[in-house]
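Data block below; observations after.
The values are calculated or read from the model by the stated rules, or taken from the named source; none is laboratory data. Computed from a predicted model, the values in this text were never measured in an experiment. Neighbour counts are summed over all protein chains in view; Cβ atoms, including those assigned to glycine, are modelled from backbone coordinates with ideal geometry.
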Amino acid sequence: MRFAAVALGVGFVGTLLANLPAHSDENAGSLVSLMRPSSEITGSVSPNGPQPAAAIRLIDLRNGATCKIAGPAGADAGFRRAPLGPDCAASPDLARVAYWKTTDDGALIMADGGGETVLEFIPGDGVLFESVYPANALITIVPARG
């Protein structure tokens, strides 16, 4: 197995070197430019973080409660009333939420009627948001379908 990996690596490097232009002062930087990391952004990754979804689904992973609501668009100008409906009341954590806002770094903060933080989320990996506060909250936010 180790021999196959070494042979494959040597073959790859040989192919790279065979395709380089001949060494001269004019193109001495060719190899260096091939090895230098590029800052070019490719694919569909947004440089400003995740874009708010039109509708989101909040899922309490501890008890399976789930509810669909309008996304947090416009919640970046300070706390606004969170549009949580009766379906969200099945989650003890979500039942306490009255307001929400997004921050410059992409976090989503949910507060109770008195303005105390109930839940805090950060942009997730594979989901829109993952809960980070309180530590025992297991709530995730995904784009709503249908």
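Does region 94-102 include one or more residues that are touching a residue at least 24 places away in the same chain (Cβ under 8 Å), assigned by TED's automatic domain parsing to the domain that holds Leu61, under 16 Å from Ile56 (Cα atoms) and touching a Cys at 6+ places or on another chain (Cβ under 9 Å)?
Let us first name the residues in region 94-102 that are touching a residue at least 24 places away in the same chain (Cβ under 8 Å), namely 94, 100-102.
Next, from what is left, pick out any that are assigned by TED's automatic domain parsing to the domain that holds Leu61: 94, 100-102.
After this cut, where a residue has to be under 16 Å from Ile56 (Cα atoms) as well, the list is 94, 100-102.
Applying the additional criterion that residues be touching a Cys at 6+ places or on another chain (Cβ under 9 Å) yields 94.
Yes, because at least one residue in region 94-102 is touching a residue at least 24 places away in the same chain (Cβ under 8 Å), assigned by TED's automatic domain parsing to the domain that holds Leu61, under 16 Å from Ile56 (Cα atoms) and touching a Cys at 6+ places or on another chain (Cβ under 9 Å).
Of everything in region 103-125, what is of a type outside the set (A, V, I, L, M) and either outside any loop (DSSP other than H, G, I, E, B) or outside the structural domain of Leu61 (by TED's automatic domain parsing) (or both)? Give them in sequence order. Don't jump to the end; show me each part of the working.
Quick first cut of region 103-125, residues of a type outside the set (A, V, I, L, M) only: 103-106, 112-117, 120-121, 123-125.
Thr117, Glu120, Phe121, Pro123 - these are the residues of region 103-125 that are of a type outside the set (A, V, I, L, M) and either outside any loop (DSSP other than H, G, I, E, B) or outside the structural domain of Leu61 (by TED's automatic domain parsing) (or both).
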Region 111-126 residues that are within 17 Å of Gly71 (Cα to Cα), paired with ones that are among the charged types (D, E, K, R) and in a loop (DSSP other than H, G, I, E, B) (beta carbon under 6 Å, 6 or more apart): none
